[in-house]
Amino acid sequence: MVLFIFEIIIAAALIGVILLQMQGSGLSASFGGSGGEFYRSRRSMEKILVWATIILATLFAVLSLLLLIPR
């Protein structure tokens, strides 16, 4: 039961992280920003989002496989 709840939380976080990665417009456009005055910080934030996506997807896959094991 706990694994089901944990998987739902990870799935919601994964959806949120993926939605923040708007293709072609960058992170600042998601929050109403218009320019590239914070180029370095925006770029590092996008890098963090990519790593968060990889980690959350891996956790989701492992949990899905664990939930397939009959008890």
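What follows draws every value from the coordinates through simple rules; no lab data is involved. Remember, predicted model here, so these are calculated numbers, not experimental data. Cβ placement follows ideal geometry from the backbone for every residue including glycine, while neighbour counts extend to all protein chains displayed.
By count of other Cβ within 10 Å, fewest leading, how are Met22, Met1 ordered?
Values: Met22 12, Met1 5.
Ranked by crowding around the Cβ, least crowded first: Met1, Met22.
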Would you mind getting me the FRET efficiency between Ile5 and Ile54? Use the beta-carbon distance for r and R0 = 22 Å, nearest 0.05. 0.45
Stretched fully, the stretch from Ile69 through Ile15 gains (0.36 nm per residue minus C-alpha distance, one decimal, in nm) 16.9 nm
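Using the 10 angstrom Cβ neighbour count as an exposure proxy, how do Arg71, Arg43 rank, fewest first? Display every interim value, and only then the final one.
Working: Arg71 3, Arg43 13.
Least to most surrounded, the residues fall as Arg71, Arg43.
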